[in-house]
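A short reminder: the numbers here are calculations on the coordinates, not readings from a lab. Since this is a predicted model, take the numbers as computed values, not measurements. When we count neighbours, we look across all protein chains shown, and the Cβ atoms used for this are built from the backbone with ideal geometry, even at glycine.
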2 protein chains.
Amino acid sequence: MTTLGYAILGLLSREDLSGYDLTQRMAGRVGYFWSAKHSQIYPELARLEDGGYVTHSVVEQRERPDKKVYEITAEGLDALKEWVIQPPVPRPTRDELTLKTYSVWLADKEQAVQLFREEELRHEEQLAHYEELRAWMEGEWQEDLTSTNSPEFASYATLRRGISYEREYAAWCRWVADSIERREPSE
Amino acid sequence: MTTLGYAILGLLSREDLSGYDLTQRMAGRVGYFWSAKHSQIYPELARLEDGGYVTHSVVEQRERPDKKVYEITAEGLDALKEWVIQPPVPRPTRDELTLKTYSVWLADKEQAVQLFREEELRHEEQLAHYEELRAWMEGEWQEDLTSTNSPEFASYATLRRGISYEREYAAWCRWVADSIERREPSE
DNA sequence: GGACGATATGTCAAGAGTGACATAACAAAA
DNA sequence: TTTTGTTATGTCACTCTTGACATATCGTCC
């Protein structure tokens, strides 16, 4: 089983979805911690069905093309539950901006400052979006968030990770930009 | 040019290195923001040399097997300088622990708490290591860090990113573990 | 009727990255 | 003398992931 397989099972454990629906989720909702394109999702669904982790049924639609709606099986749910509590396999992080920073001493100061200001803005915008979502969740899901058994709590927990990540990344970009500006004034 | 190519150029802009040396760097020093195995590095060096970004000379050693030491060319340095100030191509982040968190509502609470405590520890140990390095740099490189033209400043800046990342990740793990423990006591 | 956009499902070639395999020089220890 | 460990360079098959190509249904707008 691939990690993508578990990502799909995680979505199907909450609701039945088509390959198209899964693609939307992978680009949006869960896209900031796991993403995939439809060209990877469709073959993976076939493999999951082959392994008995999901089943599908064709749903005929009148106002749209027909679709295959996938449902997680008992075996699929068991596999997912087991995977969740296993320590994650350590993956190498690859951060291109930090890599660029490693060579920033070679760069034109003004252009470097601009780069980090732009990235700061990107992360602050993402942060603002997450903070909106957070406010909405805390209002709408008040009761669900009192129990960690709810998918709502799980979604909220991942969002808090996103918020923390974006806030720190933006702050670091600001620190780098400020450092260059202060130490090399108008070079 | 691949990102790995620029990673190699970034290392060679600081000092001449062999493929073996580069492999050590990619596993250690810069490994927390970009990493590669020797099986990827050797072919990439050949491509870089083909493109005129690096040259190599064979250094004969008496106490060890001979080695090829690579040196960055003027063209290589130009390419690196240009790349550094370009906005990074947005890569999808893939975080397996956050993905597991998305399905944590299905998990046994005790085992889930254990998972997040273990991960918290991992990140705190990494953080402690980085903080040691930081103290050493701030002491040893005091003068170099006053100018952003120095490779020392660049190394210091990337280290601060690592510190910020590990600190926040550990804090988030702690928050998740605490949440599960408080809201589902001894279930 | 035709064009366009959203919905819907699929394949394929190519690149990035890894683990395993392969070879060889040299030192030190058994 | 053989073995073990480090240094050193390389290849290859395989997996993961993406972008491009391909096809088809259905509604709406011109």
May I ask you to list the GluC sites (Glu not before Pro) in region B:75-158 that are in a DSSP loop and have at most 11 other Cβ atoms within 10 Å of their Cβ?
-> B:Glu143
Full extension between B:Ser147 and B:Tyr20 adds, at 0.36 nm per residue less the Cα distance, a length in nm of 42.6 nm
Distance from region B:90-147 to region A:9-77 (C-alpha centre basis), Å = 32
Integer Hz, Karplus 6.51/-1.76/1.60 couplings in order for region B:17-26, x for Gly and Pro = 9, 8, x, 5, 4, 4, 4, 4, 4, 5
Amide H neighbours of B:Leu17 under 5 Å, counting only residues 5+ apart in sequence or on other chains, H built in-plane at 1.01 Å?
-> B:Tyr70
Across the Cα atoms of the protein assembly as shown, what radius of gyration and what greatest pairwise Cα-Cα distance (Dmax) are found, in Å?
-> 23.6, 79
Given pairs A:Lys37/A:Lys109; A:Lys68/B:Lys100; A:Lys37/A:Lys100; A:Lys37/B:Lys37; A:Lys100/B:Lys67; A:Lys68/B:Lys37 and cut-off 30 Å on Cα-Cα distance, the over-length ones are A:Lys37/A:Lys109; A:Lys68/B:Lys37
Kirkwood hydrodynamic radius of region B:76-187 from all distinct Cα pairs, in Å?
-> 17.0
Once both axes come from the Cα atoms, what is the angle between helix A:151-183 and the longest principal axis of chain A, in degrees from 0 to 90, rounded to 10?
-> 20
Cα-based Rg of chain B normalised by 2.2 N^0.38 Å, two decimals = 1.32
Using 7 Å Cα-to-Cβ label points, what is the A:Ser39/A:Gln114 separation (nm, one decimal)?
-> 3.3
Rounded to whole Å, how close does chain A get to the rotation axis onto B by Cβ? Give me the residue too, please?
-> A:Glu168, 2
How far is helix B:3-12 tilted off the main Cα axis of chain B, in degrees rounded to 10, range 0 to 90?
-> 60
Region B:33-136: trypsin sites (Lys or Arg not before Pro) in DSSP coil with no more than 15 other Cβ atoms inside 10 Å | B:Lys37, B:Arg62
So what's region B:1-63 giving for Rg/Rh, alpha carbon basis, Kirkwood Rh from the mean inverse pair distance?
-> 0.96
